[in-house]
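Undergrad: This is the structure, below, for whatever I ask next.
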Amino acid sequence: MNQPQTMLDVFRPPEGLRGHTAALVAMSATSDFLEAAMEEFTGLDGQRRRTLGATIAYLMLDPHESPGRTAVFSPTQIPSLYELQPRPVDKRSLLHAKLAILGFAKSRAEPLTTIRLAVFTGNFTNESARRQLELCWFVDVGANGKASAADRADLAAAASFVRDLVSVRYFGAARASNTERRALLKPLHKLLDESRKLGPASKRTRFIHSLRETLYEQVRARLARSVESPRNLLLCGSGFWEQPRQKGRKPAMIGRLEKLPGLKPSARRVAVLEPKQAGALAAWYDQAATDGWVLVQAFDAIGQRRRMHAKFIYVGYLRRGHISNGWLYLGSGNLSWKGLMTSAQRPDGNVECGVVLQAAERLNASEAAERLFWDPATPADIELEVSVGSTEDAAGTPDLIDAPPILWATLVEKPRLALTLAWRDDLEGVSDVRIRWSNGDWVGVYPGDADVPVEPFARPPVVRVSAGSSGKEWMIPVIDPTGRVSLELPVHDTFDEAFAALLDFPYELHDSSQDEGDQPAGKASAMGTAHRPAVAQSKEYALYRAAEFVEGLAAKQATMAGTALNDWLEHLDRLLPSALPQTIIDAWRRLGLNPIRPLRDKPLCPATMTRRQASQYLRALDRAQESWGVQ
Amino acid sequence: MTTAIWFAPAPSTADTTRLTLDFGLRSSDLYFRELVVPGLGGVWFVRQLAWATGAIALKHEMSQLGGHVPTATRISHGIEALACKRDYLDGNTDSPMVLGKRAFGRDPDGTIIDFERLTQRAYYVVNTHRQDTSRALRENNGLGLASGSRFNQFSLTGAGQALADTFLDQTVGQGGGRLRRWLQDWIRDRAKFTNSVSKALVPSHPSAGEAEHVSSRLLGVAGSDGDKRRALASALGRSKELPDIEAVVAPRLRSKGHARQALEVIAALRFGAAMDQTREVAAHITRQLEPETSGLPCSRISRDTQAKRALSALRLACKKFVVSSDAAAIGERDSLRFADEVLGATDAEVIASIVRRVPDLLSLVDGSACHGPLFRVIGASESTQRDGDDEQTAARADRTFRIAKLHALLRDIDRARRQ
């Protein structure tokens, strides 16, 4: 991977690899950013991912409601991304940590080869990615265990942190069977387990979090351990600061920052801020007795006047306009009491994370301005007008998002087509829960129910759930009998289109079908359609189609091998059973034709298959044959 | 393996989840585009079609040789990226034909010219010229260069193959090598770049042969679509500036006996004007809503003086559209329904209707307009076009940009013929 330049670049796979599984944690996220990140990560657009039936990314966000968010993302909103349903927590506690653990492999069927840990100061929103000054740290760790012990230790610590979050703050459906858990959450747990296993037995980490201890204590301990000779610069940046308690009084957090180890008593103290979000610093600064602190407006080196949102503490040297030999904290925790001085050990404490790392680089004035938003060569503006503004990291009183009583549904085929429901593990005396899929009626369901029968034609990718008299509704994912999640296969009216889609492999990002001038699905203009009627699809007899099918498929897979073959077999298994229009299947059945059979013969199989691949290939053919009902 | 890195991210530029400001009238929009210039899609210069057909031909030819071959889409993307990058590096940085300027600017020495990387979005753009060609390539309702339903499954027709061959058979390098062979080697990471390859690829220098093929498909085919394009091409002329549609092009069409076509062009123009005014109203709504994260009642938004002015202009535009649509006997339902909605409702109701039509941008909650998931303040001339596509941005208005594209394509053909 080239040197990353943007937040989205962090999601881009290393050369030759593809995004496999991701765990994403943030306070907030928006669909536009997540969709772009998923495209970067997977190399596939949403339309493609919708047909994969694979959960690739797991998202954990803060559970508080906001004007634009009253529920988690629906399972189909950002294809291949599943947002975990949050458990109820103390309303005062905020999940404020921002990190990603990204697993990469040569293909979806191959084991992970690289795992990336990224820590952000910004959320997964375009606001952060485009209009705010942020910082980011990341490291790639080889899954072969050959990375440095420090890198592996950080990854393992972050994975343990995410695992703890999942188990304490999100629903994992404890009542669900192993099969169901495997289908939906197994990739997440596998990613976390592999990351944790890479960690050395004991190693101090750069990665820190506030599940058990405050960030401040951990920053302090690391500085005390690492900084040998006292530095003369304390440079602190934050988008938000603590709220004023007593007018004009020195903010408590400022006092704590001054006491960080590794600093000369005479060290220059600089707070880089957004003047309109200065919190308690505003009133204190007005008193003009600031104990040597200088407040400066964050500097956007590219002149786009982006808003300061990064949070960092830099302890280093300032010499002749250069800063150097520093130690840097960057992370989610604002330089506020709530951000740095609370931990999740308190019911109202925030969940934060960050890294404390050596920043040995010697940065000149413009580099400092670019990377830490402060230009040492520019004199501080003593007339800086600051105001209290708002705070980001205190939750206030918004309600929490309600999780649905049922977390997901699994489609089972035997003894009859039915949905098995995964209920929340904390419900007592729940009543009046109903579900609905496709265009069917609402059906009342109860935690003790076995399976809920589904009409034979129904293969819903999602199920609607409602509970209580409030009429509140949710959409939950459906796991199909092969373990695929919210699979939405395209429907083609003609054999030509359907067969072309089946042969459309491998997938590549730029293969989007959303070309200019294409009609959106199902929305052809009445006049437009009348004006240019679609040319009637040509003729063709069932026999000719069967031959075309066999020849086309055999030719496609003739040269397939290695990684591509693994993906092809998965593609075949997923698409073949329902790839073709029912009319042609019916015609083949009527004529006693079975175009699947010749594909079992060696000359028409993929040329080189391992025993495992051969059995996977035959299984895909079996499933298609059974689904088509041809003998 | 990347070692630990910390950095201050630059603003992200990718815009995959585009804000769609079609107000639920995308079908109508496409209908009017096709009505005015049938079969052209988004094509406005010759090389767009040469790259695309060349890629489909290369895909087919390389597949015969065996081994893994990238999809036609990816090959097309790569050729286009390389072509634009060469043009950019040769100093043609202002050309609207050159996409990817932002990505190229990050590699000023031009070291990244390999197929593998140029086909990644980070090194070019997400939305390519190729995407604008799909409709035009098609046999049905296009220029008849390929058959099939999706780009990756396209098979070239005789005309398409002829265009591809003309493009790919250009001589490059010393010793009479062909571009076809050079591109195959480049895709397989075995080619070295030479200056003669530049000319054979860049968007601004199509060969006369390529231009002839495109011209014959554009203007030389029989049928109503060809007739329409011919009549319009004649009415447009070849002056550097696009002539005024209403004052010059429509009268010319009428004078040459194409009265109905002239009425259709005017109706499309009016539809475009109504869309632009709708966008103007939406821009006012977003400006008022910017600081109001909890929303504003539509009735209050409608009381704003500027919003009132924009609403009046929208009503006038819709009235004109309905009249011109009736005159041309166009019964496009969705657009007329929208116009009726605007003409028969109060200001607050029109605001609410517009809010409902852009759910990504705005949402309607209990009569109040609120921020939608992709909320931002939009400009009245908001463009959702891509990086560097100035031509489309400039020609956004009045649904005449298909005409502008045809004009640009005709001039590109003429330039190539003169060379």
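The values are calculated or read from the model by the stated rules, or taken from the named source; none is laboratory data. In this text the structure is predicted, and so the values were computed from the model without any measurement. Every residue, glycine as well, gets a Cβ built from its backbone with ideal geometry; the counts of neighbours run over all protein chains shown.
Undergrad: Among the helices (runs of 4 or more DSSP H) contained in region B:86-178, which hold 2 or more residues that are over 16 Å from B:E210 (Cβ atoms)?
TA: Output list reads B:101-105, B:115-118, B:134-137.
Undergrad: Within the set of pairs 6 or more residues apart or between chains, which connect a residue that is under 14 Å from A:R249 (Cα atoms) and modelled with pLDDT under 80 inside region A:276-296 to a residue that is basic (K, R) and outside any strand (DSSP E or B) with Cβ atoms less than 6 Å apart?
TA: A:A283/A:K247
Undergrad: As an exercise: evaluate A:M253 against (1) touching a helix residue (DSSP H, G or I) at 6+ places or on another chain (Cβ under 8 Å); (2) without any contact (Cβ under 8 Å) to a residue 40 or more places away in the chain; (3) not in a loop (DSSP other than H, G, I, E, B) and give the number of the one condition it does not meet.
TA: Here A:M253 meets the rest and fails (2).
Undergrad: On to the next question. What's the total number of residues in region A:50-82 that are part of a strand (DSSP E or B), over 24 Å from A:R163 (Cα atoms) and of a type outside the set (S, T, N, Q)?
TA: 1
Undergrad: Filter region A:56-95 down to the residues that are of a type in the set (V, I, T) and either farther than 23 Å from B:L362 by Cα or modelled with pLDDT of 95 or more (or both) and list them by number.
TA: Of everything in region A:56-95, those that are of a type in the set (V, I, T) and either farther than 23 Å from B:L362 by Cα or modelled with pLDDT of 95 or more (or both) turn out to be A:I56, A:V89.
Undergrad: Follow-up. Does any residue of region A:345-354 turn out to be within 26 Å of A:I302 (Cα to Cα) and either at pLDDT below 95 or charged (D, E, K, R) (or both)?
TA: no
Undergrad: Follow-up question, since we're still on this one. If the requirement is being touching a Cys at 6+ places or on another chain (Cβ under 9 Å) and either within 30 Å of A:V296 (Cβ to Cβ) or at pLDDT 95 or above (or both), which of these qualifies: A:L215, A:L234, A:L135?
TA: One residue alone meets the criteria, A:L215.
Undergrad: Does A:H20 satisfy the condition of being within 24 Å of A:W408 (Cα to Cα), in contact with a Gly (Cβ under 9 Å, 6 or more places away or on another chain) and not β-branched (V, I, T)?
TA: Yes; evaluated as a whole, the condition is true for this residue.
Undergrad: Here is a list: A:A624, A:A587, A:A614. Which entry is farther than 20 Å from A:F505 by Cα, among the aliphatic types (A, V, I, L, M) and not in a loop (DSSP other than H, G, I, E, B)?
TA: Numbers: A:A624 fails: farther than 20 Å from A:F505 by Cα; A:A614 fails: farther than 20 Å from A:F505 by Cα.
Criteria check complete, one pass: A:A587.
Undergrad: Among the residues of region A:14-42, which ones are in a loop (DSSP other than H, G, I, E, B) and either within 14 Å of the chain's Cα centre (by Cα) or surrounded by 22 or more Cβ atoms within 10 Å (Cβ to Cβ) (or both)?
TA: Of everything in region A:14-42, those that are in a loop (DSSP other than H, G, I, E, B) and either within 14 Å of the chain's Cα centre (by Cα) or surrounded by 22 or more Cβ atoms within 10 Å (Cβ to Cβ) (or both) turn out to be A:M27, A:S28, A:T30.
Undergrad: For region A:108-120, give me the residue count where each residue is more than 9 Å from every other protein chain (Cβ to nearest Cβ) and under 13 Å from A:T6 (Cα atoms).
TA: Final tally of qualifying residues: 1.
Undergrad: Next question, about the same structure. Checking B:F151 against (1) surrounded by fewer than 20 Cβ atoms within 10 Å (Cβ to Cβ); (2) facing chain A (nearest Cβ under 9 Å): exactly one of these is not met. Which one?
TA: Looking at each condition in turn, B:F151 falls short on (1).
Undergrad: Being touching an Asp or Glu at 6+ places or on another chain (Cβ under 9 Å) and either crowded, with 20+ Cβ neighbours inside 10 Å or closer than 25 Å to A:L135 by Cα (or both) is the filter here, so list the residues in region A:66-84 that pass it.
TA: Residues satisfying the conditions are A:V72, A:P75, A:I78, A:P79, A:L81.
Undergrad: Continuing with the same structure: Quickly run through region B:76-97 and pick out the residues that are farther than 15 Å from B:N127 by Cβ and within 10 Å of chain A (Cβ to nearest Cβ).
TA: At the first step, the residues of region B:76-97 found to be farther than 15 Å from B:N127 by Cβ are B:78-79, B:82-83, B:85-95.
Result: B:G78, single match.
Undergrad: Can you give me the number of residues within region A:344-375 that are away from chain B (no Cβ under 14 Å), assigned to a loop (DSSP other than H, G, I, E, B) and closer than 24 Å to A:A150 by Cα?
TA: Within region A:344-375, the first condition is being away from chain B (no Cβ under 14 Å), and the residues that meet it are A:344-353, A:362, A:364-365.
Next cut, assigned to a loop (DSSP other than H, G, I, E, B) only: A:344-350, A:352, A:362, A:364.
With closer than 24 Å to A:A150 by Cα added as a condition, the list becomes A:352, A:362.
The total comes to 2.
Undergrad: Further, regarding this structure: What pairs can you find where one residue is in region A:22-46 and more than 25 Å from B:H371 (Cα to Cα) and within 11 Å of chain B (Cβ to nearest Cβ), the other is among the small types (G, A, S) and surrounded by fewer than 24 Cβ atoms within 10 Å (Cβ to Cβ), and their Cβ atoms are less than 6 Å apart, with a gap of 6+ or different chains?
TA: A:D45/A:S512
Undergrad: Within region A:60-78, which residues are within 13 Å of another protein chain (Cβ to nearest Cβ) and more than 11 Å from the chain's Cα centre (by Cα)? Break it down stepwise before answering.
TA: The initial filter retains those residues of region A:60-78 that are within 13 Å of another protein chain (Cβ to nearest Cβ), namely A:65-71, A:73-74, A:77-78.
Of everything in region A:60-78, those that are within 13 Å of another protein chain (Cβ to nearest Cβ) and more than 11 Å from the chain's Cα centre (by Cα) turn out to be A:E65, A:S66, A:P67, A:G68, A:R69, A:T70, A:A71, A:F73, A:S74, A:Q77.
Undergrad: Would you mention how many residues in region B:351-374 are more than 12 Å from B:L21 (Cα to Cα) and in contact (Cβ under 8 Å) with a residue 40 or more places away in the chain?
TA: Selection size over region B:351-374: 9.
Undergrad: When you check A:P606 against the structure, is it outside any helix (DSSP H, G or I) and crowded, with 16+ Cβ neighbours inside 10 Å, yes or no?
TA: So A:P606 fits the description; yes.
Undergrad: Among (1) more than 14 Å from chain B (Cβ to nearest Cβ); (2) of a type outside the set (V, I, T); (3) closer than 28 Å to A:A150 by Cβ; (4) not in a strand (DSSP E or B), which single condition is A:A267 missing?
TA: Exception for A:A267: condition (4).
Undergrad: Let me ask you something else. Quick one: how many residues across region A:123-139 are under 24 Å from A:R18 (Cα atoms), facing chain B (nearest Cβ under 9 Å) and not in a strand (DSSP E or B)?
TA: Residues flagged as under 24 Å from A:R18 (Cα atoms), facing chain B (nearest Cβ under 9 Å) and not in a strand (DSSP E or B) within region A:123-139 amount to 2.
Undergrad: Additional query: Would you call B:G39 facing another protein chain (nearest Cβ under 10 Å) and under 25 Å from A:T559 (Cβ atoms)?
TA: Details: facing another protein chain (nearest Cβ under 10 Å): yes; under 25 Å from A:T559 (Cβ atoms): no.
In short, no.
Undergrad: How many residues does region B:249-267 contain that are free of Cβ contacts under 8 Å to residues at least 12 places away in the same chain and outside any loop (DSSP other than H, G, I, E, B)?
TA: Total satisfying the criteria: 4.
Undergrad: Among residues belonging to region A:551-563 that are part of a helix (DSSP H, G or I) and buried (at least 19 other Cβ atoms within 10 Å of the Cβ), point out the one that is modelled with the highest pLDDT.
TA: Applying the filter and picking the extreme gives A:L553.
Every residue, every condition in (1) within 30 Å of A:S66 (Cα to Cα); (2) under 32 Å from the mean Cα position of the chain (by Cα); (3) surrounded by fewer than 18 Cβ atoms within 10 Å (Cβ to Cβ); (4) at pLDDT below 95, yes or no:
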| site | (1), (2), (3), (4) |
| --- | --- |
| B:P297 | yes, no, yes, yes |
| B:R309 | no, yes, yes, yes |
| B:L314 | no, yes, no, no |
| B:E332 | no, yes, no, yes |
| B:S353 | yes, yes, no, yes |
| B:R356 | yes, yes, yes, yes |
| B:P359 | yes, yes, yes, yes |
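Undergrad: Then there is this: Which number in (1) surrounded by 23 or more Cβ atoms within 10 Å (Cβ to Cβ); (2) more than 25 Å from A:V351 (Cα to Cα) marks the one condition that A:P63 misses?
TA: The single condition A:P63 does not satisfy is (2).
Undergrad: Find the helices (runs of 4 or more DSSP H) located wholly in region B:283-357 whose residues include 3 or more that are farther than 22 Å from B:A369 by Cβ, and list them.
TA: Details: elements: B:298-303, B:305-327, B:333-343, B:347-357.
By residue number, B:305-327, B:333-343.
Undergrad: Something else about it: From the residues in region B:230-272 that are small (G, A, S) and under 27 Å from B:K319 (Cβ atoms), which one is surrounded by the most Cβ atoms within 10 Å (Cβ to Cβ)?
TA: B:A268
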